[in-house]
1. Specify which of the listed residues (E60, E44) is modelled with pLDDT of 95 or more, surrounded by 11 or more Cβ atoms within 10 Å (Cβ to Cβ) and of a type in the set (D, E).
2. Residues that are at positive phi, at least 3 per element: which helices (runs of 4 or more DSSP H) completely within the chain meet that?
3. Does any residue in the stretch 38-60 that is touching a residue at least 40 places away in the same chain (Cβ under 8 Å) and within 21 Å of K93 (Cβ to Cβ) come within less than 8 Å, Cβ to Cβ, of a residue that is surrounded by 22 or more Cβ atoms within 10 Å (Cβ to Cβ) and of a type in the set (F, W, Y) six or more places away or on a different chain, and which pairs are these?
4. Restricting attention to the stretch 87-102, report how many residues are of a type in the set (S, T, Y) and without any contact (Cβ under 8 Å) to a residue 24 or more places away in the chain.
5. Within the stretch 29-41, restricting attention to residues that are open to solvent by 30 Å² or more (accessible area, probe 1.4 Å) and not polar (S, T, N, Q), which residue is nearest to A68 (Cα to Cα)?
6. Pairs, please: C-beta under 8 Å, at least 6 apart or cross-chain, first residue of a type outside the set (G, A, S) and in the stretch 6-17, second open to solvent by 60 Å² or more (accessible area, probe 1.4 Å) and part of a loop (DSSP other than H, G, I, E, B)?
7. Could you count how many residues in the stretch 72-86 are surrounded by 11 or more Cβ atoms within 10 Å (Cβ to Cβ) and either in contact (Cβ under 8 Å) with a residue 60 or more places away in the chain or among the hydrophobic types (A, V, I, L, M, F, W, C) (or both)?
8. Among the residues that make up the stretch 10-28, is at least one of them β-branched (V, I, T) and crowded, with 16+ Cβ neighbours inside 10 Å?
Amino acid sequence: METESHTKRITLNNGVSMPTFGLGTYGMKDSTVMARSFLELGYEMFDTASFYKNEEVVGEAITEVLKAKKREDIFVISKIWWDEVEDCEAACKRSLAKLGIE
(Lines give C-alpha, C1' and ligand atoms only; values in the text may rest on other atoms or scores of the structure.)
Protein backbone atom coordinates (compact mmCIF):
# COMPACT_ATOMS: atom_id res chain seq x y z
CA MET A 1 0.00 0.00 0.00
CA GLU A 2 1.43 3.35 -1.03
CA THR A 3 0.84 6.34 1.22
CA GLU A 4 0.66 9.95 0.19
CA SER A 5 3.90 11.80 0.74
CA HIS A 6 3.96 14.69 3.14
CA THR A 7 7.67 15.37 2.71
CA LYS A 8 8.68 19.01 2.65
CA ARG A 9 10.77 20.03 -0.33
CA ILE A 10 13.28 22.76 -1.01
CA THR A 11 14.22 24.27 -4.35
CA LEU A 12 17.91 24.11 -5.19
CA ASN A 13 19.73 26.91 -7.01
CA ASN A 14 19.34 25.02 -10.31
CA GLY A 15 15.55 24.94 -9.87
CA VAL A 16 15.33 21.26 -8.92
CA SER A 17 12.89 20.45 -6.12
CA MET A 18 14.50 18.17 -3.50
CA PRO A 19 12.83 16.40 -0.57
CA THR A 20 14.23 17.39 2.82
CA PHE A 21 13.82 13.87 4.23
CA GLY A 22 14.69 10.51 2.72
CA LEU A 23 15.39 6.84 3.27
CA GLY A 24 18.95 6.40 4.54
CA THR A 25 20.33 3.13 3.21
CA TYR A 26 23.48 2.60 5.29
CA GLY A 27 23.67 -1.06 6.26
CA MET A 28 20.62 -2.04 4.20
CA LYS A 29 21.15 -5.16 2.10
CA ASP A 30 17.58 -6.18 1.18
CA SER A 31 16.14 -4.34 -1.81
CA THR A 32 12.62 -5.68 -1.23
CA VAL A 33 12.45 -4.31 2.32
CA MET A 34 14.02 -1.06 1.14
CA ALA A 35 11.48 -0.59 -1.68
CA ARG A 36 8.55 -1.54 0.55
CA SER A 37 9.67 0.93 3.24
CA PHE A 38 10.11 3.65 0.63
CA LEU A 39 6.59 3.19 -0.74
CA GLU A 40 4.68 2.42 2.46
CA LEU A 41 6.22 5.24 4.47
CA GLY A 42 5.90 7.84 1.73
CA TYR A 43 9.59 8.55 1.19
CA GLU A 44 10.61 10.47 -1.92
CA MET A 45 14.41 10.25 -1.63
CA PHE A 46 16.99 7.47 -1.41
CA ASP A 47 20.23 8.44 0.33
CA THR A 48 23.23 6.17 -0.33
CA ALA A 49 27.02 6.33 -0.74
CA SER A 50 29.77 4.35 -2.39
CA PHE A 51 31.14 3.68 1.11
CA TYR A 52 27.95 1.80 2.02
CA LYS A 53 28.84 -0.87 -0.57
CA ASN A 54 25.17 -1.38 -1.40
CA GLU A 55 24.53 0.86 -4.41
CA GLU A 56 23.59 -2.17 -6.53
CA VAL A 57 20.99 -3.18 -3.91
CA VAL A 58 19.69 0.39 -3.76
CA GLY A 59 19.45 0.27 -7.56
CA GLU A 60 17.33 -2.88 -7.31
CA ALA A 61 15.05 -1.09 -4.82
CA ILE A 62 14.78 1.88 -7.19
CA THR A 63 13.75 -0.51 -9.97
CA GLU A 64 11.00 -1.90 -7.72
CA VAL A 65 9.83 1.57 -6.71
CA LEU A 66 9.65 2.61 -10.36
CA LYS A 67 6.92 0.01 -10.87
CA ALA A 68 4.71 2.24 -8.69
CA LYS A 69 6.17 5.72 -9.18
CA LYS A 70 7.53 7.83 -11.99
CA ARG A 71 11.30 8.46 -12.05
CA GLU A 72 10.77 12.20 -11.68
CA ASP A 73 8.92 11.52 -8.40
CA ILE A 74 11.99 10.09 -6.65
CA PHE A 75 15.24 11.78 -5.72
CA VAL A 76 18.51 9.86 -5.34
CA ILE A 77 21.57 11.04 -3.44
CA SER A 78 24.89 9.22 -3.45
CA LYS A 79 28.14 10.40 -1.96
CA ILE A 80 31.72 9.66 -2.93
CA TRP A 81 34.36 8.63 -0.41
CA TRP A 82 37.75 10.17 0.36
CA ASP A 83 39.64 7.70 -1.82
CA GLU A 84 37.52 8.77 -4.81
CA VAL A 85 38.02 12.55 -4.74
CA GLU A 86 40.95 12.53 -7.16
CA ASP A 87 38.53 11.65 -9.98
CA CYS A 88 35.04 12.74 -8.92
CA GLU A 89 33.60 12.35 -12.40
CA ALA A 90 34.66 8.69 -12.61
CA ALA A 91 33.32 8.09 -9.08
CA CYS A 92 29.94 9.58 -10.04
CA LYS A 93 29.79 7.47 -13.20
CA ARG A 94 30.56 4.32 -11.15
CA SER A 95 27.78 5.15 -8.70
CA LEU A 96 25.28 5.82 -11.48
CA ALA A 97 26.18 2.52 -13.15
CA LYS A 98 25.81 0.59 -9.87
CA LEU A 99 22.47 2.29 -9.18
CA GLY A 100 21.31 1.64 -12.72
CA ILE A 101 20.21 5.24 -13.28
CA GLU A 102 21.30 8.09 -15.53
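1. Residue meeting the stated conditions: E60.
2. In the chain, there are no helices (runs of 4 or more DSSP H) which contain 3 or more residues that are at positive phi.
3. V58/F46
4. 0
5. Ranking the qualifying residues of the stretch 29-41, first place goes to L39.
6. Final answer for the pair search is T7/T20; T7/F21; K8/T20; K8/F21; R9/T20; I10/T20.
7. Selection size over the stretch 72-86: 6.
8. yes
The values are calculated or read from the model by the stated rules, or taken from the named source; none is laboratory data. Owing to the predicted nature of the structure, the values given are computational and were not obtained by experimental measurement. No Cβ is skipped: glycine too gets one built from the backbone with ideal geometry, and neighbour counts run over all protein chains shown. For accessibility, only protein heavy atoms count, side chains too; no ligands or nucleic acids. Shrake-Rupley method; radii C 1.70, N 1.55, O 1.52, S 1.80 Å.
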